[in-house]
1. Just checking, which of Thr114, Thr174, Thr126 is under 30 Å from Cys261 (Cα atoms), more than 17 Å from the chain's Cα centre (by Cα) and without any contact (Cβ under 8 Å) to a residue 40 or more places away in the chain?
2. Here is a list: Trp251, Trp204, Trp218. Which entry is among the aromatic types (Phe, Trp, Tyr), surrounded by fewer than 17 Cβ atoms within 10 Å (Cβ to Cβ), at negative phi and modelled with pLDDT of 95 or more?
3. Hey, can you tell me all the residues within segment 202-244 that are without any contact (Cβ under 8 Å) to a residue 12 or more places away in the chain and under 23 Å from the mean Cα position of the chain (by Cα)?
4. So which residues in segment 391-420 are surrounded by 15 or more Cβ atoms within 10 Å (Cβ to Cβ) and acidic (Asp, Glu)?
5. I'd like the full set of residues that are surrounded by 21 or more Cβ atoms within 10 Å (Cβ to Cβ) and either more than 30 Å from Thr114 (Cβ to Cβ) or not charged (D, E, K, R) (or both), limited to segment 157-168.
6. Kindly list, by first and then second residue, each pair from a residue in segment 49-62 that is at positive phi to a residue that is modelled with pLDDT under 95 and in a loop (DSSP other than H, G, I, E, B), limited to pairs with Cβ atoms under 6 Å and residues at least 6 apart or on different chains.
7. When the residues of segment 11-64 are narrowed to those that are of a type in the set (Val, Ile, Thr) and either assigned to a loop (DSSP other than H, G, I, E, B) or loosely packed, with under 15 Cβ neighbours inside 10 Å (or both), which ends up modelled with the lowest pLDDT?
8. Could you list, in sequence order, the residues of segment 188-213 that are assigned to a loop (DSSP other than H, G, I, E, B) and touching a strand residue (DSSP E or B) at 6+ places or on another chain (Cβ under 8 Å)?
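The values are calculated or read from the model by the stated rules, or taken from the named source; none is laboratory data. In this text, all values refer to a predicted model and were calculated from it rather than measured experimentally. Methodologically, a virtual Cβ is constructed for each residue, glycine included, from the backbone with ideal geometry; neighbour enumeration extends over all protein chains shown.
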Amino acid sequence: MVPNEPNRREFLRRCGVAGGAAALCQPPGRGAAADGSRLPNIVMLISDDQGWGDYGFMGHPTIETPNLDRLASQSVTFTRGYVAAPLCCPSLASMITGLHPHQHKITSNDPPYTGDPKERWTKPWTPERRRLRDEMMAHMDTAPALPRLLAQRGYVSLQTGKWWYGNFRSGGFTEGMTHGDMARGGRHGDEGLKIGRQTMQPIWDFLDRTGDKPFFVWYAPMLPHQPHNPPERLLSKYKDKTESVHLARYWAMCEWWDETCGQLLDRLDEKVLSDDTLVLYVCDNGWIQRPNADGFAPRSKQSWYEGGIRTPLMVRWPGHTHPRRDATTLASSVDLAPTILAACGLKAAPEMQGIDLLDAAALARREAVFGASYSHDAADVNDPAKNLSSRWVVKGWWKLILPEPNQPGGKEPELYELKADPDEKDNLAAGQPDKVQELRALLDQWYKPA
């Protein structure tokens, strides 16, 4: 699933990277950014299935996240961040490409499935379903993935954790943990899923051998994602704070995730790398833990409500950012790639709709953020529109949700004023037709599948 040389040249041309494919042959070196400063190392910390408020710095009354609280105090922290899709595979693809799912065409977790639901996770995949999966994930091969673009500046890169798109090389990583072989259990991370839960050693080893080269680390462990099996020391701590063992397990998982982030940030300190490293934080999608059972509650993961699509976003770059908490400005996970590229002196691909989160003027000009929800299993691996469940837009404090009429569930528009109604209980669409029309026009202008 590694793109051939003509494909490499084509996406480099589309991304506006000077030098085209020949730039891939430039000798590695530390280099300098556009302003003459030292090129930053890049570390992406990506949480998996965590509620947007389930952090100490976001005000959770019980969950303790001291390491992420510290990171938030050192970062530009956007508390009104949103993901491109509330499902991990398309969401992660948007983070690393800066494209929305209808642009990169990876909209679902898996290809079509029509078998017995009870056998979904136990029955071996058919050859045809594996073929469709390969076809679906091959969209990553020619997308403007960050590791490929950063290679133009001599970056080495490491993939760990979740990675749905076959072998780590499909995204242009120079090193990685995920082999992507379905015959050996490769689906969404395989060996990569050992990171965080079992070991941090692959990252430590990578940092030890990067030498003077700038590096990019993708740290996307399956934390606090199910299975919720935290260390006993953490579970015991939270069992005393709730009557629900399910809540206790989830809360403990959030702190376990925080601990691993702290280990990584501490290692950067120990190796005297922190001042030269751009650290970005995001979650792939939301989560609301059911108190009486395993699994997520409605209006969280896979949904277009705040519980499914909202996430804090953090950007820390010592000497280049002034730490502040921003509880008003809208931010999006598709902003991560343009932010990173700008820091490294590279232009964002023309099709990237995000902005540089460190560009105050761009933030001030932002009118709205957008996203869409898709089916877990694709109906068509090449046609995003056939997998679409809903589109949504947030402009200021107004939010419009437009469900697709061919999907199960609600059919009518939903309009919320989030400042007064953060839990989205009062649908104002019937009484605000002009506002619905205004926001619908924005959505129609934004959502144009290829």
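1. Thr174
2. Numbers: Trp251 fails: surrounded by fewer than 17 Cβ atoms within 10 Å (Cβ to Cβ); Trp218 fails: surrounded by fewer than 17 Cβ atoms within 10 Å (Cβ to Cβ).
Every option except Trp204 fails the conditions.
3. Answer for segment 202-244, where residues must be without any contact (Cβ under 8 Å) to a residue 12 or more places away in the chain and under 23 Å from the mean Cα position of the chain (by Cα): just Pro227.
4. Glu404, Glu414, Glu417
5. Quick first cut of segment 157-168, residues surrounded by 21 or more Cβ atoms within 10 Å (Cβ to Cβ) only: 157-166, 168.
Ser157, Leu158, Gln159, Thr160, Gly161, Trp163, Trp164, Tyr165, Gly166, Phe168 - these are the residues of segment 157-168 that are surrounded by 21 or more Cβ atoms within 10 Å (Cβ to Cβ) and either more than 30 Å from Thr114 (Cβ to Cβ) or not charged (D, E, K, R) (or both).
6. Filtered contacts from segment 49-62: no entries.
7. The first filter runs over segment 11-64 and keeps only residues of a type in the set (Val, Ile, Thr), leaving 17, 42-43, 46, 62-63.
Those still in the list that are either assigned to a loop (DSSP other than H, G, I, E, B) or loosely packed, with under 15 Cβ neighbours inside 10 Å (or both) too: 17, 62-63.
Numbers: Val17: 39, Thr62: 98, Ile63: 98.
Across segment 11-64, the extreme among qualifying residues is Val17.
8. Restricting attention to segment 188-213, the residues satisfying the condition of being assigned to a loop (DSSP other than H, G, I, E, B) are 188-189, 196-198, 200, 210-213.
Of everything in segment 188-213, those that are assigned to a loop (DSSP other than H, G, I, E, B) and touching a strand residue (DSSP E or B) at 6+ places or on another chain (Cβ under 8 Å) turn out to be Gly189, Gly196, Thr210, Lys213.
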